[in-house]
Protein chains: 2
Amino acid sequence: MNTAYASLEARFSDLALMGSISSLLGWDAATCLPDGAAELRGQQLAFLAGQSHARISDPAVARLLAEAEADPSGLEAWQRANLREMRRHWTHRTCLPAALVTEMAQLTTESEHAWREFRKNNDFKGFLPYLARIIALTQETAQIKAEVLGLTPYDALMDSYSPGLRMAQIDEWFAALAEFLPGAIDDALAQQPALPPAPGHAPKEAQEALARRLMTALGFDFHHGRLDTSTHPFCGGFPGDVRITTRYDEAQFMESLLGVVHETGHALYEANLPEAWRLQPVGEALGMAVHESQSLFVEMQLCRSRAFFRFAQPLLQQELGMADTVSAEQLYTRAIHVQRSLIRVGADEMTYPLHIILRYELEKALLSGDLAPADLPGAWNDGMQRLVGIRPDNDANGCLQDIHWPGGAFGYFPSYTVGALIAAQLREAMEYTLGPLDALVEKGEFAPITEWLKQHIHAHASQHSMPALLQNATGADLSVQPFQRHIRARYLNQR
Amino acid sequence: MNTAYASLEARFSDLALMGSISSLLGWDAATCLPDGAAELRGQQLAFLAGQSHARISDPAVARLLAEAEADPSGLEAWQRANLREMRRHWTHRTCLPAALVTEMAQLTTESEHAWREFRKNNDFKGFLPYLARIIALTQETAQIKAEVLGLTPYDALMDSYSPGLRMAQIDEWFAALAEFLPGAIDDALAQQPALPPAPGHAPKEAQEALARRLMTALGFDFHHGRLDTSTHPFCGGFPGDVRITTRYDEAQFMESLLGVVHETGHALYEANLPEAWRLQPVGEALGMAVHESQSLFVEMQLCRSRAFFRFAQPLLQQELGMADTVSAEQLYTRAIHVQRSLIRVGADEMTYPLHIILRYELEKALLSGDLAPADLPGAWNDGMQRLVGIRPDNDANGCLQDIHWPGGAFGYFPSYTVGALIAAQLREAMEYTLGPLDALVEKGEFAPITEWLKQHIHAHASQHSMPALLQNATGADLSVQPFQRHIRARYLNQR
């Protein structure tokens with residue numbers, strides 16, 4: 001046994017435990033923390049982050065990595081992959097000067113806080129100095145990571161969210177989508193039925209009971225996870241203790257219902273990561289694009305379907321007291337209603353990728369210097385007009401709407417739409433063996449579907465690269481074709 | 001500024017943050033944790049404990065303590081007290097050989113787990129090997145601590161729970177109580193009215209709403225704390241984020257109500273500890289006896305009173321829908337009903353100290369070797385007969401009932417009754433300035449009462465020794481007289 005490698009396993013296990021503790025503190029902050037205790041929580045999280053950083057920056061880690069890599073002969077395949085992931089984690093976490101990391105952390109904390117006010121007051125000018133500084137620091141970060149990783153600056157930023165995702169491919173996929181979607185949206189809008197009325201009021205408790213029932217049907221294990229309430233839904237916790245959240249609107253239950261199944265997709269991925277690798281880098285989910293593919297698979301491929309609402313309609317009557325005059329077809333029609341709109345998080349499946357393409361174009365231009373931060377609002381509004389066909393009435397509903405840039409997350413947005421592409425491609429591959437998924441979904445038989453995902457995606461964690469994982473799972477490189485076929489079938493009635 | 005001292009402050013601040021994180025994980029484990037996630041939680045807590053131990057055992061800490069103590073001239077009074085408390089913490093946490101600490105930790109974890117089964121099955125013989133080994137290791141621990149601290153072995157054990165508490169005093173106080181209480185109980189039983197019927201059913205949600213209202217009235221700040229549900233009620237969290245728990249019995253609300261006010265007493269102490277010293281040893285609560293005095297002050301001195309139920313009766317009608325035929329006097333009569341009973345945690349205020357005296361006598365005898373572990377059941381049952389006047393029907397209701405010994409907590413029990421003595425003495429002192437508390441309680445005016453506690457107890461944290469704190473607060477050394485006067489007034493109608 002490679003003793004340097006063994007020592008690294010022990011060190012990374014400690015890092016993972018620290019990460020799991022931070023994750024729980026984050027979950028608590030979003031679901032339980034009294035409003036006056038934010039400062040204490042900040043101290044606790046900063047302490048753990050500092051400890052974690054000190055450990056990975058220990059010169060011994062660099063030495064052990066070099067030693068282990070020099071002679072990997074005694075290592076099993078998963079251990080070699082683990083060593084590769086250790087190196088990747090180490091590089092991302094240690095390549096930047098401490099002063100840059102500290103300034104970025106302070107700046108984004110302040111900026112996120114300030115952004116909430118600036119957004120509320122529609123004050124882009126107020127936010128501009130923060131944005132400009134964040135872009136400058138991000139450029140610096142990207143340049144350093146690019147050199148260390150041998151990637152372009154934008155690819156180097158994406159690598160920390162979705163390893164293996166490259167601008168060259170995204171340019172191609174997004175060009176195809178920008179070509180395909182606007183016309184398809186025109187067609188969908190022309191032929192879709194009128195939006196049926198909202199299916200009525202449902203008490204929070206009833207919605208929660210329904211959510212638990214659907215989560216259980218989808219394979220969520222409440223012995224190793226929870227459902228709670230937070231302002232912004234998320235999937236948190238840690239494998240073995242996966243905690244998703246939702247929020248309830250008693251005036252309409254669809255948002256929470258579809259939010260819960262989305263987060264359940266994330267949760268199943270975390271829950272099914274291999275136990276044997278649980279505290280090691282190779283045991284982590286492969287990145288945000290694949291993670292989003294799992295949530296979108298459950299939400300978009302499984303649940304925003306006619307079959308799902310045929311399955312769910314009796315449950316909605318039973319658990320929510322929904323009127324029996326509300327048909328499965330009406331529910332489905334609401335769930336896939338297309339509408340040009342200003343806000344990404346409320347966008348439908350067809351227009352959503354265009355919101356992402358806009359952000360992708362703009363953040364590349366901001367980072368390359370082709371777009372000055374001060375010119376963002378105009379570029380945003382023009383881009384919305386060109387891509388989505390609707391012009392924001394103000395910056396709060398325009399370039400100030402997302403937390404990503406105020407939080408310093410450049411290179412993250414593409415993951416959402418790449419996830420949608422992956423989900424569609426996985427579905428086609430799955431149907432080769434399982435037959436039409438709708439036939440299973442309509443009967444509420446989710447087990448073979450989630451078992452397929454577990455075997456082909458979840459169980460591999462980070463052992464393979466994203467291209468290799470998708471080749472193994474689907475027999476092909478990722479492309480936009482399955483997603484386009486899915487859109488045509490669902491929204492344009494074309495098979 | 002003493003640089004050694006400054007360095008110690010930074011180190012102890014880190015230790016306190018780690019403690020606060022462990023405390024939150026413990027709260028979560030009792031209130032939220034999915035049942036399948038216990039192993040992960042165990043790993044997280046063990047990691048934090050290991051980190052904490054490694055830090056305090058760092059030889060640099062010993063050197064810094066010696067340096068800071070060698071020249072304390074630049075330190076303020078609270079800093080000198082802090083240095084003293086640092087030394088005390090350090091001594092308790094580093095004086096034992098690592099092998100002993102590890103064996104004790106493993107043994108008590110197993111033992112607590114096994115005890116639940118042995119208790120359920122009334123199997124003392126099964127538990128005996130665990131008990132014998134725990135006693136042997138506790139003797140070893142007590143011997144080492146006694147030498148280092150210059151105390152008797154039993155005092156050395158008590159010192160880690162309630163610093164400053166000494167066997168010589170307890171012997172005296174407990175002898176007086178064992179002399180006074182049995183006759184007083186006879187008298188109380190002879191003259192108390194029949195137990196009124198339980199005041200009826202109340203839904204969990206209504207009990208919780210009432211609990212929040214009472215907590216707020218008593219000064220609990222929900223901006224810096226929470227109320228939740230757990231199997232065993234406790235006060236957890238950390239100053240600034242104090243989290244108490246209760247459990248609800250819908251068939252009767254009194255247990256939860258009185259449990260909540262008890263935990264609120266603990267919570268007020270934690271919440272009012274001085275913010276300026278928050279992460280330092282001197283900023284911690286003074287020990288378990290004083291902590292228990294705060295919970296018992298609120299529960300026994302304030303709330304199990306005629307005045308409290310006059311205040312609370314309309315709230316109970318309003319929040320719980322309690323029938324208006326239930327009088328304040330009936331509620332009060334139930335709350336102070338005396339009964340010889342087998343289980344400590346269900347015992348009334350008069351018989352409770354006798355349960356404690358029994359445990360105190362027995363654990364001293366077990367540790368000194370005067371009582372063989374195998375002879376515990378007989379000694380227990382004889383002691384119950386002698387002190388409480390009732391003989392256990394089995395060991396599950398006898399010597400197997402408490403978690404303390406299975407958990408290795410010897411020297412803890414006296415704190416409960418010393419807390420009751422302190423609470424009674426504080427009340428008398430408080431009434432010198434505030435006048436009869438009942439007049440305030442009946443009007444729900446708790447603010448001057450909790451303000452007095454804050455000024456005289458909470459705000460001093462661990463700056464003074466327990467005797468000094470009580471001298472300052474009450475002008476006298478702790479004695480049993482106030483408690484006896486309280487018992488005579490409440491139970492024997494003697495003023």
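Computed quantities for the displayed model
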read-out	value
Tally, over segment A:14-28, of residues that are more than 9 Å from every other protein chain (Cβ to nearest Cβ) and closer than 28 Å to A:Ala70 by Cβ	3
B:Ala10 vs. criteria among the aliphatic types (A, V, I, L, M), within 30 Å of A:Gly225 (Cβ to Cβ) and within 14 Å of chain A (Cβ to nearest Cβ)	no
Residues satisfying the stated conditions in segment A:207-243, i.e. among the small types (Gly, Ala, Ser) and either buried (at least 19 other Cβ atoms within 10 Å of the Cβ) or within 14 Å of chain B (Cβ to nearest Cβ) (or both)	A:Ala211, A:Gly219, A:Gly225, A:Ser230, A:Gly236, A:Gly237, A:Gly240
The listed residue being in a helix (DSSP H, G or I), touching a Gly at 6+ places or on another chain (Cβ under 7 Å) and in the same structural domain as A:Tyr412 (by TED's automatic domain parsing), out of A:Ala217, A:Ala168	A:Ala217
Any hit, segment A:309-326, residues being hydroxyl-bearing (Ser, Thr, Tyr), in contact with a strand residue (DSSP E or B) (Cβ under 8 Å, 6 or more places away or on another chain) and either surrounded by fewer than 19 Cβ atoms within 10 Å (Cβ to Cβ) or part of a helix (DSSP H, G or I) (or both)	no
Count of segment B:458-495 residues which are assigned to a helix (DSSP H, G or I) and either polar (S, T, N, Q) or touching a Lys or Arg at 6+ places or on another chain (Cβ under 6 Å) (or both)	6
Residue within segment B:149-170 that is more than 14 Å from every other protein chain (Cβ to nearest Cβ), over 24 Å from the mean Cα position of the chain (by Cα) and free of Cβ contacts under 8 Å to residues at least 12 places away in the same chain present	yes
Residue within segment B:218-229 that is more than 28 Å from B:Pro274 (Cα to Cα) and free of Cβ contacts under 8 Å to residues at least 40 places away in the same chain present	no
Residue, nearest to the other protein chains (Cβ to nearest Cβ), within segment A:244-270, restricted to residues that are crowded, with 24+ Cβ neighbours inside 10 Å and among the small types (Gly, Ala, Ser)	A:Ala267
Test: residue in segment B:362-372 that is among the basic types (Lys, Arg) and closer than 25 Å to B:Ala489 by Cα	no
Out of A:Gly259, A:Gly236, sole residue that is in a helix (DSSP H, G or I) and not hydrophobic (A, V, I, L, M, F, W, C)	A:Gly259
Complete set of residues in segment B:74-96 that are without any contact (Cβ under 8 Å) to a residue 24 or more places away in the chain and farther than 22 Å from B:Ala54 by Cα	B:Glu76, B:Arg80
Options B:Ala4, B:Ala16: the member that is over 24 Å from the mean Cα position of the chain (by Cα) and modelled with pLDDT of 95 or more	B:Ala4
Some residue of segment A:19-37 being surrounded by fewer than 17 Cβ atoms within 10 Å (Cβ to Cβ) and over 28 Å from A:Trp277 (Cα atoms)	yes
Yes/no for B:Asp324 being touching a Lys or Arg at 6+ places or on another chain (Cβ under 7 Å) and over 26 Å from B:Thr450 (Cα atoms)	no
Out of A:Ser7, A:Ser23, A:Ser52, sole residue that is among the polar types (S, T, N, Q) and either assigned by TED's automatic domain parsing to the domain that holds A:Gln280 or out of contact with any Leu (no Cβ under 8 Å at 6 or more places or on another chain) (or both)	A:Ser23
Any helices (runs of 4 or more DSSP H) falling wholly within segment B:29-112 and containing at least 2 residues that are within 14 Å of another protein chain (Cβ to nearest Cβ)	B:38-57
Every residue from segment A:182-198 that is touching a residue at least 60 places away in the same chain (Cβ under 8 Å) and in a helix (DSSP H, G or I)	A:Pro182, A:Ala184, A:Ile185, A:Asp187, A:Ala188, A:Leu189, A:Gln191
Single unsatisfied condition, A:Ala132 versus (1) surrounded by fewer than 17 Cβ atoms within 10 Å (Cβ to Cβ); (2) more than 23 Å from the chain's Cα centre (by Cα); (3) under 19 Å from A:Pro281 (Cβ atoms)	(3)
The listed residue being outside the structural domain of A:Ala142 (by TED's automatic domain parsing) and closer than 28 Å to A:Gly164 by Cβ, out of A:Leu17, A:Leu107	A:Leu17
Considering residues of segment B:441-457 that are assigned to a helix (DSSP H, G or I) and aliphatic (A, V, I, L, M) only, the residue farthest from B:Glu270 (Cα to Cα)	B:Val441
Meets criteria (among the aliphatic types (A, V, I, L, M), without any contact (Cβ under 8 Å) to a residue 12 or more places away in the chain and more than 23 Å from A:His113 (Cα to Cα)) for A:Leu371	yes
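Results for (1) touching a Pro at 6+ places or on another chain (Cβ under 7 Å); (2) of a type in the set (Asp, Glu); (3) modelled with pLDDT of 95 or more, shown as yes or no for each residue.
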| residue | (1), (2), (3) |
| --- | --- |
| B:Thr138 | no, no, yes |
| B:Glu147 | no, yes, yes |
| B:Leu157 | no, no, yes |
| B:Ile170 | yes, no, yes |
| B:Leu181 | yes, no, yes |
| B:Asp186 | no, yes, yes |
| B:Gln192 | no, no, yes |
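The values are calculated or read from the model by the stated rules, or taken from the named source; none is laboratory data. Given the structure is predicted, the values throughout are model-derived calculations rather than measurements. All Cβ positions, even for glycine, are placed from backbone atoms using ideal geometry, and neighbour counts span all protein chains on display.
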